[in-house]
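As C-alpha cells, the structure follows; a few thoughts come after it.
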Amino acid sequence: MNAPDAAPPPGPAPEDGLPAVAPQLRALRRRAGLTLEAAARAAGLSPAHLSRLETGHRQPSLPMLLALARVYGTTVSELLGETVAERDAIVRAADMEPTRAGGWTYLQAGAPGRGMQALRVRVPYGSQGDIVRVHPGEEWLYVLAGRLRLRLGDTAHLLGSGDSAHFDSLTPHRLAAEDHDGVELLFVHTLLQSPTATLCLGPPTGELP
C-alpha cells in the first residue's frame with residue numbers, strides 16, 4: 001500500500017494559474033491531521049485526484065474548493081492562499097453602521113472577513129416571519145431584548161431576554177418577533193465558505209405558530 005502522501009504517477013506539467021493553491025491544499029490537509037485518502041473520501045474525490053490538486057497538476061473547481069474548505073474547517077480564501085490585512089479586534093458601538101433589509105436592521109458587531117460573522121439584529125413585529133431560511137453553516141443567537149419566536153424544522157420555540165439558541169443552519173428555520181415592540185438579537189453565523197449563504201426557500205403555507 002502506498003504511503004498517504006506518496007508522489008502521484010508522472011503526469012502533465014502543472015497548469016498555469018492559482019499558483020498558491022497546490023501547496024496550500026497540502027498544508028491545510030496536514031494541519032487538519034488528515035491522510036490523503038481520508039480527506040479525499042470526505043470531500044467526495046478520489047485520492048489520485050486530490051493528489052494532483054496538491055501537486056498543481058489539476059486546478060480545483062469552486063465546488064471542490066467549497067468541499068475541501070468544509071473538510072479542513074477553513075475558508076475558500078485561505079485555501080487560495082489569500083492574506084487579509086490586519087484588522088482591529090475592537091468594534092466600537094459608535095462605529096456600528098446600521099444596514100436595513102426586509103424591515104430588519106443589522107449592525108456589524110465583528111470584523112469582516114472572519115470565519116464567523118457577528119451581527120446585532122433588530123427584528124420588528126410582523127417582518128419576514130414567513131420566510132424559511134436554509135443555508136450551510138451554524139448559527140448562534142442571543143436574545144438581548146423582547147421575545148423571539150424561533151421555528152427549527154417542525155418545532156416552535158419562544159425565547160425571552162437572556163435565552164439563546166445554537167443550531168445547524170441547514171435545518172429549515174424561521175425567526176419572528178413575538179411582541180409588537182419587536183426583538184433585538186446578538187447573532188453569530190458561519191457563512192463565508194458558501195456562495196449559497198443567503199439561500200431561502202420562501203414563504204411557507206400557513207402562519208408561524
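Taken together, the values in this text are just the output of simple stated rules run on the coordinates, not laboratory data. Computed from a prediction, not measured in an experiment: that's the story for all the values here. Here the Cβ is made from the backbone with ideal geometry for all residues, glycine too, and neighbour counts use every protein chain on show.
For the pair Q59 and V132 in one chain, pulling the backbone fully straight at 0.36 nm per residue adds 22.7 nm over the alpha carbon distance. A crude spin-label estimate for the pair A94 and S77, with each label 7 Å from Cα along the Cβ direction, gives 2.7 nm. Ordering L158, V134, H173 by Cα displacement along the dipole of region 93-202 toward the positive end leaves V134 in first place; charges were set at the Cβ atoms of Lys, Arg (+1) and Asp, Glu (-1). With the convex hull of its Cα atoms as the shape, region 21-79 has an orientation-averaged projected area of 3.2 nm². The 3J(HN,Hα) values that the Karplus relation (6.51, -1.76, 1.60; θ = phi - 60°) gives for region 116-122 are, in residue order, 10, 10, 10, 9, 9, 10, 10 Hz. Gly and Pro appear as x.
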